[in-house]
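Here is the structure we will look at, set down as structure tokens.
The values are calculated or read from the model by the stated rules, or taken from the named source; none is laboratory data. Bear in mind that the values here come from a model prediction, so they are computed numbers and not experimental data. Methodologically, a virtual Cβ is constructed for each residue, glycine included, from the backbone with ideal geometry; neighbour enumeration extends over all protein chains shown. The area values use the complete protein model at the heavy-atom level, side chains included, leaving out ligands, DNA and RNA. Shrake-Rupley method; radii C 1.70, N 1.55, O 1.52, S 1.80 Å.
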Amino acid sequence: METPLSSDFSYPFEEKTTHIPSSPLHKPTSRGSGKGGLSRFVSSEYGYIILLTSFSLAVRLIHYDQPAGVIPNEIELCTQINWYIQGKFFVGAIPPLSGMIYAYVAKYIAGYMGTEPVYYPGQMVDSFPLSTLRLFSIFTGALLAPIIYLTVKALGHNRLSATTAAGLVILENGLITQSKFVMTEGLFCFFAAMTGWVWATQMKRQEREPFNIPWTELIATGLSIGGTLSIKWQGLFTLVIAWISSVLYLWRILGEKRFSLFYIARQCFARVLTTLMLPFLVYGAIFYIHMTMIPRAGDHDLVVSPRLRYSLEGNTFEPSQKEIVYGSSVVIRHLGSNGGYLHSHFKRYTTGSTQQEVSLYPHADLNNVWIIHKAGQRWNVSQPIEPVRNNDKIMLEHYATSRKLHSHDHRPPVTNKKEQNEMLYDNNTQNGEDKSPIHAIETRFRLLHHRICHLLSHSVRLPDEDKPQQEVTCMSSPKKEVTSWIIESAFHEERKVDTIDDWIFFLSAKSEIIFRFWHYSAAV
């Protein structure tokens, strides 16, 4: 009896043939044919990428020279370019790689020597290579399109999807605008896109070769993350995303029997080395190059520690006596801001007590000198040499005017807050048993008035000042950051200093790159 077979049954060796109807899209072409050269160029990946890049570049070149003047967002980088080329020290608000790249373009491609300062928005520049720098920014912005195209292709999508993604990048108004000007955002997007591309390439190669470690792609990823992090600190998110992907991959292969624990350990080590340690090594190397490019004294010297400040070329430091004694003439510097030194002069407050002003002044001046006495007792040569110690009660006398630093209930001229008073005598009556001596440079201290308010300063300028002077007040329960001071220089003519250890010198710190990196990072 015959058993009927179901209609969907097929024999094991049965071959099925699929017939594709003739279509212009599947029409075979001959490599040797002279026709269709442009179509073959467009159909190739290289040709298609060149066309995308050209279109992206053409879109960004439209009115690239407008506005002709400097815009507000360009001022910071343009100023940094001048400082880099002149070798002047500065502290930027962002990591230095973008400024270094633009400075290289300005100096070695445009031949600019850092001779024209950029001060204000709308400024028309002559020798400053603004057009060249904008063209460079446009070029890096145009490269986003092919990078996005290659990234989408590496993720396994077809050409239509990749072209759509690249087209959105080409025509996105925000990306077009930021790539037309000298700003950090264009370079940041470029390095972030590069990170995504090489990481996607790494993932596809790992799928094709599961038992091999893609060292080339992993190293390229680490370099790209380091570049992104060295332009803006938001680049740290590229590191986070790469490691989320790595953790998911390692977790997946941990559950597969075909992968040994030794292989998984090698994969983990490779990723820690290339995508965690390498980016921070790149970041440190960028800062090293940055510090070697700005060895001379600049406008931001007061922001950093005295040791770093006086290691810069052009800054001279007269040797200071290390131990502070009563009768010493001292220069007191505020650590909580870049306002400078405790300062006074004959000018009086226009409101409040109308007594002699006390302020911060950022430059060397005789009016920055104060003499330390015991509270209520001026030092004279008949008295013994006695060191100033922590928790001592002291009096500060202004050297040039012989006035005493004090405070009372009048409000300061700018910050009219209930808990702040004008700063005019200071008695340091802080309670405590610590009697350690005060040393120049090394000792950070706070000055406490007998009315229980601390001497402080903040980034508020005094009104109607020809010179850049910062307000000094006395406040109860302030933050330590705004009440920290150091004595930067001290001298007592009656004190005999027998050994070199009793003096403070600042030598060149060119070889102490770790020290300079640490102090610069703290200032940033």
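Only helices (runs of 4 or more DSSP H) whose full extent lies in segment 123-208 are considered here, and the ones with at least 2 residues that are modelled with pLDDT under 95, open to solvent by 50 Å² or more (accessible area, probe 1.4 Å) and among the charged types (D, E, K, R) are 184-208. Residues considered: LEU25, LEU57. Of these, the only one that is surrounded by 14 or more Cβ atoms within 10 Å (Cβ to Cβ) and either among the hydrophobic types (A, V, I, L, M, F, W, C) or modelled with pLDDT under 90 (or both) is LEU57. When every residue of segment 253-276 is checked against the conditions, none turns out to be at pLDDT 90 or above and closer than 16 Å to PRO95 by Cα. Close Cβ contacts (under 9 Å, 6 or more residues apart or on different chains) running from residues in segment 274-295 that are more than 14 Å from GLY226 (Cβ to Cβ) to residues that are open to solvent by 80 Å² or more (accessible area, probe 1.4 Å) and outside any helix (DSSP H, G or I) comprise THR292/LYS510; PRO295/LYS510. Taken over segment 209-220, the residue count meeting the criterion of being open to solvent by less than 40 Å² (accessible area, probe 1.4 Å) and in a helix (DSSP H, G or I) is 3. Among the residues making up segment 155-180, those that are touching a Leu at 6+ places or on another chain (Cβ under 9 Å), closer than 22 Å to GLN66 by Cα and of a type in the set (A, V, I, L, M, F, W, C) are VAL169, ILE170, LEU175.
Checked against (1) within 30 Å of ALA192 (Cα to Cα); (2) surrounded by fewer than 20 Cβ atoms within 10 Å (Cβ to Cβ), LEU261 passes all but a single condition, namely (1).
Quick check on segment 356-388: of everything there that is under 18 Å from ALA440 (Cβ atoms) and in a loop (DSSP other than H, G, I, E, B), which residue is least open to solvent (accessible area, probe 1.4 Å)?
Filtering first and then ranking leaves VAL388.
Considered as a group, the residues in segment 82-91 that are buried (at least 19 other Cβ atoms within 10 Å of the Cβ) and out of contact with any His (no Cβ under 8 Å at 6 or more places or on another chain) include one that is farthest from GLY186 (Cα to Cα), and that residue is LYS88. When restricted to residues that are open to solvent by 20 Å² or more (accessible area, probe 1.4 Å) and part of a helix (DSSP H, G or I), segment 60-76 contains 4.
Pairs linking a residue in segment 399-412 that is open to solvent by 60 Å² or more (accessible area, probe 1.4 Å) to a residue that is modelled with pLDDT under 85 and basic (Lys, Arg), with Cβ atoms under 9 Å and 6 or more positions apart or on different chains, are ASP409/ARG451; ARG411/LYS417; ARG411/LYS418. What number goes with the only condition from (1) more than 23 Å from HIS454 (Cα to Cα); (2) at pLDDT below 80; (3) under 31 Å from the mean Cα position of the chain (by Cα) that ALA364 does not pass? Here ALA364 meets the rest and fails (2).
Take the conditions (1) aliphatic (A, V, I, L, M); (2) surrounded by 13 or more Cβ atoms within 10 Å (Cβ to Cβ); (3) modelled with pLDDT under 60; MET475 misses just one of them, which is (3).
What about PHE9, is it at pLDDT 85 or above, of a type in the set (Phe, Trp, Tyr) and part of a loop (DSSP other than H, G, I, E, B)? Spelling it out, it is not the case that PHE9 is at pLDDT 85 or above, of a type in the set (Phe, Trp, Tyr) and part of a loop (DSSP other than H, G, I, E, B). Here THR79 does not fit the description of being open to solvent by less than 50 Å² (accessible area, probe 1.4 Å), at pLDDT 90 or above and either touching a Lys or Arg at 6+ places or on another chain (Cβ under 8 Å) or farther than 28 Å from PRO121 by Cβ (or both). Taking the criterion of being hydroxyl-bearing (Ser, Thr, Tyr) and in a helix (DSSP H, G or I), the residues of segment 276-317 that qualify are TYR283, TYR288, THR292. Among the residues making up segment 370-401, those that are in contact with a Pro (Cβ under 8 Å, 6 or more places away or on another chain) and closer than 15 Å to PHE491 by Cβ are PRO387, VAL388. Restricting segment 321-343 to residues that are farther than 21 Å from PRO478 by Cβ and in a strand (DSSP E or B), the residue that is modelled with the lowest pLDDT is GLN321.
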